[in-house]
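Colleague: Here you go, one structure.
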Amino acid sequence: MTATTDGSSEAVQQPRAEADSESTDVDARAALAAQRAIDHLLARQDVAGWWKGDLETNVTMDAEDLLLRQFLGIRDADTTHAAALFIRGEQDPAGTWSTFHGGPADLSATIEAYVALRLAGDEADAPHMARASAWIRAEGGIAAARVFTRIWLALFGWWKWDDLPQLPPELIFLPKWFPLNIYDFGCWARQTIVPLTVVSAMRPVRPAPFALDELHTDPRNPAPPQPLAPAGTWDGFFQRMDKALHAYHKVALRPLRRSAMDLAARWIIERQEDDGCWGGIQPPAVYSVIALHLLGHDLDHPVMRAGLESLDRFAVWREDGARMVEACQSPVWDTCLAAIALVDAGVRPDHPALVKAADWMLAEEIRRPGDWAVRRPGLAPGGWAFEFHNDVYPDIDDTAEVVLALRRIQHPEPARVEEAIARGVSWNLGMQSRNGAWGAFDADNTSPLPNRLPFCDFGEVIDPPSADVTAHVVEMLAVEGKADDPRTRRGIEWLLREQEPTGAWFGRWGVNYVYGTGSVVPALVAAGLGVGHPAVRRAVSWLESVQNEDGGWGEDLRSYQDRQWAGKGASTPSQTAWALLALLAAGEREGRAVQRGVSWLARNQAPDGSWDEPYFTGTGFPWDFSINYHLYRQVFPLTALGRYLFGEPPVLRTAASGPTREALG
């Protein structure tokens, strides 16, 4: 099937005929579901050519937004009311907040949400607030919260700066080869840590509008001393180093510190994007605004004004008047995945919506060096980022998927497309790490030291290669006719080594083993591994073993902490689609698992062609920071239905044929 120019659908490709009547019935339901999904997705395209779903995380984004406005003296009644409405709506009956749908209560999120509601005027003795504070005290109070939460509280005197780990701004002076230089951190951590070194050095305190004694287990002794780990351990070493940094803070040479903070300010300003944001993500923008303000930038300064305006663009206003703050926005990622889904479901490659999407993606190509060039100084730029504006940090995953999307579209200027694809392929190849695999933003960002710092107690702060990103690059290289390239072969070999004993692959950027396996199997098959390869068969067996009784697949985020949860969870549209993509690539179309999975997608589709998915299936930091990409529930089921109905897209069939497939089959 394909869509006409007015957005309606008409069949132009015929699903392959089946002799089995039950299978034919599944085909008919799949075709109807795909047609509805196509119409729904086309109707959601922006007039500029892009797609974007809401990117939902947790209430710490909303709480910290209010705290920032309080700190800068710009908090207004309307924003406060709308944010509080959203935060209250996310509180569970026990009075706590979690970081993902259905997840356990999280101490830091609950503290930050509680403080934000106090700012909004909710009294401490209100029933919903009293339940929250009682739970916080039972869990150890503010002293047990993460470092970032306590930094926010220190800004208002609710916590002492002396009781926080130190990272001095002199860190900016460390050469790129020295351990713990800023480029040893992942790009998201690097953008956050540089401004925070300024904040922690200046130790500002703005008068708090109320006390928070009710959040301490003992208000008279809010920060009891913590025992030191043994001196011969890494934890013991870094704890003692932190004590030394505290001592250094008291005697730091003023000219040296001022020079460090000035250099940090220049580093921050140089990385501000055209839209005023930093890296296209909210946390670095928040801390950068605070740091620059402390260094003397008035709120009317162009840098500050643009930064604050960019933060307003992260707000999603809902029909009920609530205001949700996105941690990030995902238009490039959503657009390339939507284009892939539409073509794979039979939409004409020259459809105007796809050509418009291609034009928008081509305009988003990044043609200048960014921080990635620190490790790859001789590599020519040419890639795509995740967000609307993020020229400093293009990412390998988006670049691979954009190439796969552009390759599917029949554009009226083919030379323009070919040139962009060639640059993207070259850049991705140049970003391969020494072990043969690919990380998300940097090459060889694998130092174990940053994660050891007491300052870094929340989520991943490095960017090592992952199976899902590596798989997407391998699939892209195979489509580009480079399956036999030695660099591609090294990526394949790495993937084969990374397979779990169960047959699954770990998913770094999606939840979790279902995502990793759903990414790797199609890539291996596209690169020429036969469907009978032992690695493929083990993956198939694992996916079949974790299919839910209702026919779908799901995986809870708890699998990041406990492998017994691997492949276990309520069925979701996106995770069901990921499993189907792997099984279909492995030649299992007629198998019962695929038939049941396709039936589940068709059965659970809404009349308007969409799917509902409250569960979080995206990953920022495994377990610590989870994401609900609201477009995942639309694009991945459509891709799976399309590949069920029509088989592999022509671009994959062409790339996977020939001597490579024969040699490795």
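The values are calculated or read from the model by the stated rules, or taken from the named source; none is laboratory data. As the structure is a computational prediction, the values presented were derived from the model and not from experiment. Counting neighbours? That spans all protein chains shown, and the Cβs are built from the backbone with ideal geometry, glycine included.
Listed here are the residues, each with its yes/no results for (1) at pLDDT 95 or above; (2) of a type in the set (K, R); (3) within 21 Å of L337 (Cβ to Cβ); (4) in contact with a Leu (Cβ under 7 Å, 6 or more places away or on another chain).
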residue	(1), (2), (3), (4)
T470	yes, no, yes, yes
E493	yes, no, no, no
V511	yes, no, yes, yes
G516	yes, no, yes, no
T572	yes, no, yes, no
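Colleague: Is one or more of the residues making up the range 608-616 farther than 27 Å from L477 by Cβ, outside the structural domain of D106 (by TED's automatic domain parsing) and assigned to a helix (DSSP H, G or I)?
Modeller: No, the conditions are met nowhere in the range 608-616.
Colleague: Here's a check for you: in the range 422-475, which residue that is small (G, A, S) and outside any loop (DSSP other than H, G, I, E, B) is surrounded by the fewest Cβ atoms within 10 Å (Cβ to Cβ)?
Modeller: A422
Colleague: Looking only at the range 118-157, how many residues end up being in contact with a strand residue (DSSP E or B) (Cβ under 8 Å, 6 or more places away or on another chain) and free of Cβ contacts under 8 Å to residues at least 24 places away in the same chain?
Modeller: 0
Colleague: Answer yes or no as to whether R348 is under 22 Å from A415 (Cα atoms), charged (D, E, K, R) and in contact with a Leu (Cβ under 9 Å, 6 or more places away or on another chain).
Modeller: Considered against the rule, which asks whether it is under 22 Å from A415 (Cα atoms), charged (D, E, K, R) and in contact with a Leu (Cβ under 9 Å, 6 or more places away or on another chain), R348 comes out as yes.
Colleague: What are the residues in the range 47-68 that are acidic (D, E) and either under 18 Å from F616 (Cβ atoms) or under 18 Å from the mean Cα position of the chain (by Cα) (or both), if any?
Modeller: Within the range 47-68, D54, E56, D62 qualify.
Colleague: What are the pairs with Cβ atoms under 7 angstrom where one residue, in the range 474-494, is farther than 22 Å from E418 by Cα and the other, located anywhere, is of a type in the set (S, T, Y) and at pLDDT 95 or above? Sequence gap at least six, or different chains.
Modeller: G491/T470; W494/T470
Colleague: Every residue in the range 209-248 that is under 34 Å from the mean Cα position of the chain (by Cα) and hydrophobic (A, V, I, L, M, F, W, C), please.
Modeller: Answer for the range 209-248, where residues must be under 34 Å from the mean Cα position of the chain (by Cα) and hydrophobic (A, V, I, L, M, F, W, C): L212, L215, A223, A229, W234, F237, F238, M241, L245.
Colleague: Further question: Can you tell me how many residues in the range 340-366 are touching a strand residue (DSSP E or B) at 6+ places or on another chain (Cβ under 8 Å), within 19 Å of I421 (Cβ to Cβ) and part of a helix (DSSP H, G or I)?
Modeller: Number of matching residues: 2.
Colleague: Considering only the range 309-332, how many residues are out of contact with any strand residue (DSSP E or B) (no Cβ under 9 Å at 6 or more places or on another chain) and surrounded by fewer than 19 Cβ atoms within 10 Å (Cβ to Cβ)?
Modeller: Within the range 309-332, residues that are out of contact with any strand residue (DSSP E or B) (no Cβ under 9 Å at 6 or more places or on another chain) and surrounded by fewer than 19 Cβ atoms within 10 Å (Cβ to Cβ) number 6.
Colleague: Is one or more of the residues making up the range 550-560 of a type in the set (D, E), within 27 Å of I38 (Cα to Cα), assigned to a loop (DSSP other than H, G, I, E, B) and in the same structural domain as Q634 (by TED's automatic domain parsing)?
Modeller: yes
Colleague: Another question, then. When the residues of the range 173-208 are filtered to those that are small (G, A, S) and within 21 Å of L292 (Cβ to Cβ), which remaining residue is surrounded by the fewest Cβ atoms within 10 Å (Cβ to Cβ)?
Modeller: Restricting to residues being small (G, A, S) and within 21 Å of L292 (Cβ to Cβ), the top hit is A201.
Colleague: Being over 15 Å from L477 (Cβ atoms) and in the same structural domain as P352 (by TED's automatic domain parsing), is that true of even one residue in the range 419-428?
Modeller: yes
Colleague: Let me ask you something else. Please pick out the residue among L245, L256, L228 that is outside the structural domain of N390 (by TED's automatic domain parsing), closer than 25 Å to V303 by Cβ and either out of contact with any strand residue (DSSP E or B) (no Cβ under 9 Å at 6 or more places or on another chain) or surrounded by 12 or more Cβ atoms within 10 Å (Cβ to Cβ) (or both).
Modeller: Result: L256 is the single residue among L245, L256, L228 that is outside the structural domain of N390 (by TED's automatic domain parsing), closer than 25 Å to V303 by Cβ and either out of contact with any strand residue (DSSP E or B) (no Cβ under 9 Å at 6 or more places or on another chain) or surrounded by 12 or more Cβ atoms within 10 Å (Cβ to Cβ) (or both).
Colleague: Give the residues of the range 153-172 that are surrounded by 15 or more Cβ atoms within 10 Å (Cβ to Cβ) and farther than 22 Å from N451 by Cβ, sorted by residue number.
Modeller: L153, A154, L155, F156, G157, W158, W159, W161, listed by residue number.
Colleague: More than 30 Å from G554 (Cβ to Cβ) and either of a type in the set (F, W, Y) or at pLDDT 95 or above (or both): which single residue out of A132, A145 fits that description?
Modeller: Only one candidate qualifies: A145.
Colleague: Also: Given the options V343, V347, name the one that is crowded, with 24+ Cβ neighbours inside 10 Å, modelled with pLDDT of 95 or more, touching a Pro at 6+ places or on another chain (Cβ under 8 Å) and of a type in the set (V, I, T).
Modeller: V343
Colleague: Right, another one. Inside the range 267-294, can you point out the residues that are of a type in the set (V, I, T) and not in a helix (DSSP H, G or I)?
Modeller: I281
Colleague: Residues being of a type in the set (A, V, I, L, M, F, W, C) and either under 16 Å from D397 (Cα atoms) or not in a helix (DSSP H, G or I) (or both): count how many of those fall in the range 493-516.
Modeller: 6
Colleague: Kindly indicate whether any position in the range 590-601 is assigned to a loop (DSSP other than H, G, I, E, B) and surrounded by fewer than 20 Cβ atoms within 10 Å (Cβ to Cβ).
Modeller: Checking the range 590-601: at least one residue is assigned to a loop (DSSP other than H, G, I, E, B) and surrounded by fewer than 20 Cβ atoms within 10 Å (Cβ to Cβ).
Colleague: So is D612 surrounded by fewer than 20 Cβ atoms within 10 Å (Cβ to Cβ) and at pLDDT 95 or above or not?
Modeller: Yes.
Colleague: Let me ask you something else. What are the residues in the range 367-397 that are aromatic (F, W, Y), under 21 Å from D468 (Cβ atoms) and part of a loop (DSSP other than H, G, I, E, B), if any?
Modeller: Scanning the range 367-397 gives F386, Y393.
Colleague: Does I111 count as crowded, with 23+ Cβ neighbours inside 10 Å and under 27 Å from N221 (Cβ atoms)?
Modeller: For I111, the condition - crowded, with 23+ Cβ neighbours inside 10 Å and under 27 Å from N221 (Cβ atoms) - is met.
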